[in-house]
Amino acid sequence: MNPENLRIVLVDTRNPLNIGAAARAISNFGFRHLRLVNPYNVAYLEAKSAVNAAEILTNAQEYQTLREAIADCSLVVGTTAIGHRELQHPLRRLEYAGMVLRRHLASGNVALLFGSEKFGLSNEEMSYCHWLLRIGTRDEHASMNLGQAVAVCLYELSRKKAVRAPESKQLAGAQDLDRMTDRLVEVLRESGYVHSSSTEAKTRRLVRRLNLPAHDAEVWLGMLRQIQWKLKQKPDGILNQ
């Protein structure tokens, strides 16, 4: 595992103390990268609970959108307490998820997402994830404080365990998967596929479940470009039979 490859991404965080606690946990367990997506008007560089984590906060990066924050990552994993939600992703407990994450961190960038304190990750935000993880709390009190959840996850990742050698193939990054998703959605619209407000999110989840190597993603993108070009050569976007 390479700790440099992990990005802790906090989405819509409202409490500066939670940002500080997350930064302290990042420092505690030997990680370095904190990213903030649309934080709620807080001066996170002054977070009081970030004891000995000034460097983490100083170097934290702020983004307007989640898509930008994960663009350089080939694996994106969201955290959830589940609650009453109907999930559209594979869900793994932290114990097993930690093993998978450590293996991937040996060769590629990983984004670990944490949602807002009140609502967690939205369905739209989850659609950017390859899969989800949960901490094994009791059902009667499933949710955890944001800072504590970050600490527990990072503790699990930092534990010394023997893991299998990383796969040799380099998986496609989030930026490439988003390009492919955008092109696929365009082709679906132009071909007359029934479109709804949820089509894009469903397509994004589908593409991520493919776990495409970087080279394969480029091949698929080229194929979709060709299909889109061909559609535009025919009247009303209909191909000859």
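So, of the residues in region 182-199 that are under 24 Å from the mean Cα position of the chain (by Cα) and either in the same structural domain as residue 130 (by TED's automatic domain parsing) or in contact (Cβ under 8 Å) with a residue 24 or more places away in the chain (or both), which turns out to be surrounded by the most Cβ atoms within 10 Å (Cβ to Cβ)? Step through it out loud before you land on a result.
To start, the set of residues in region 182-199 that are under 24 Å from the mean Cα position of the chain (by Cα) comprises 182-186, 196-199.
Next cut, either in the same structural domain as residue 130 (by TED's automatic domain parsing) or in contact (Cβ under 8 Å) with a residue 24 or more places away in the chain (or both) only: 183-184, 186.
Numbers: 183: 18, 184: 20, 186: 15.
The residue in question is 184.
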Could you tell me whether any residue of region 80-92 is surrounded by 18 or more Cβ atoms within 10 Å (Cβ to Cβ), in contact with a strand residue (DSSP E or B) (Cβ under 7 Å, 6 or more places away or on another chain) and among the aliphatic types (A, V, I, L, M)? no
How many residues does region 174-205 hold that are out of contact with any Asp or Glu (no Cβ under 8 Å at 6 or more places or on another chain), closer than 21 Å to residue 218 by Cα and not charged (D, E, K, R)? 6
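Which one of 172, 214 is in contact (Cβ under 8 Å) with a residue 40 or more places away in the chain, crowded, with 18+ Cβ neighbours inside 10 Å and among the aliphatic types (A, V, I, L, M)? Reasoning before the result, please.
Details: 214 fails: crowded, with 18+ Cβ neighbours inside 10 Å.
The match here is 172.
The values are calculated or read from the model by the stated rules, or taken from the named source; none is laboratory data. Remember, it's a predicted structure, so these values are computed and weren't measured experimentally. Cβ: placed from backbone, ideal geometry, glycine included. Neighbour counts: every protein chain shown.
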